[in-house]
Structures are given as C-alpha cells and as structure tokens.
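All remarks here apply to the structure that follows.
Please treat every number below as a calculation from the coordinates, not as lab data. Treat the numbers as computed from the prediction; the structure is a model and nothing was measured.
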Amino acid sequence: MVLLIISIFYLFCNGALGDRTYEKQLEARLSQSEADIKDLQSGLELMNQQHKQLLAELKAQNTKEKRLLLPTSSHQQYVAFTAKLNKQYNSLNDRETVIFDTIVTNAGQGYDENTGIFVCPISGYYQFAATIVSEDGTDKNLDAELMHNGRQIVRLHATVYGYDEGTQVVNIHCAQGERVWIRHLMGAGDSAIIPAGFSTFSGALLHADQ
C-alpha cells in the first residue's frame, strides 16, 4: 500500500515538473517570437523610409529633366565665348581686325573665328575682355582697340618691352545683331606683330533685356 502511494506521488511530482518545463519552453518561444516581430517591424520601417527617400529622389530627377526639356527663352540662354590667338601676325595693317582663330568656348555661337567678330545673339548687358601681348625684340609698342558697332570703347596698349600685355575689361549694352571685335592700331612707333599663343578675346552675357 505504501509502495502504491509512493508511486502515485512520484508520478504527480514528475507531471508537475514536466508542466512547468513545458510552460518555460512556451514562454521562451513566445519571447523569441516577440523579438522576431520587433525585428521585422524595424526592418519594415527602414524599408519604408528608404522607399520614401527613393521616391523623393526620383521626383527631383524627373523635375530636373522636365526643366531641361522646357523651351528656353532668350532670358534663360547662356551666351559666353573665349577665343585665343594661336597664329602669329607678322604684318598687321592699321585698323585691321585681329582674328582670334581658336575657340575655347562659344555658348550661343555668337563668335566667328573666321572673321574675329562677335555678333550679339541676345540684347542685354555684356562683359568683354581682351588681352594683347607684344613681341619680344621689336622695341615697339603694340596697340589695339575694342570696337562696338564701329565705335571705339577702350584702347589696349602693350609696351616696347617684349611680351608685355595690354588688357581691358568693359561692361556695355549690346543689342541683338550688333558687333564687337578687336582691331589693330598702327602708329609711327607701333608694332605690326602679335606673337602666337598669348592673346585672348572673351565675352559673356550678364543680363538679358526684359
């Protein structure tokens, strides 16, 4: 009888312990599931943020592309040029146009490297700059002038000392179709030579007329 009671007590205790172990296992699995769910939520939030950022970047890119495809008005156009003298002049005449034969940039296509003349494609205020460099060993000054539609705007002067430079920068209003160029001035003590590789002629639209 006593043995039977002991056996029943043992089975009861063993069952109770088994239940508690099972409960602990369930609690551990539940905790792990909750942690997994939190990780998934964090991952979804990150993906959502990345998705929003990608949409914003795509929208900005589309806006930029549409803006580039819009018809450009005269007030939005860029006009700028720089040309340099890569050939040497050995016998310039008085008031002969100096042709800067090599184009560095020519936005707006206003400068003609065959004639040396810039024709304003848009009416507005422009900045022009020119540099002339005298030949070494001539012992003569080098003079030129920046012309606007047949009128002298400024004069450029390089001294008798070899490879001296004369530079001018001006801001003027130029109507569409008007011309700007550089021409040589030949005085009694002036040189007819301009060496290659040093002299430049540039211009840019500062503000187009409304």
Once the Cα atoms of segment 114-210 are picked out, what are the Rg and Dmax in Å?
-> 14.4, 50
What's the extension gain from ILE153 to GLU34 if we count 0.36 nm per residue and subtract their Cα-Cα distance?
-> 34.6 nm
Given N residues in segment 74-123, what is Rg(Cα) / (2.2 N^0.38 Å)?
-> 1.31
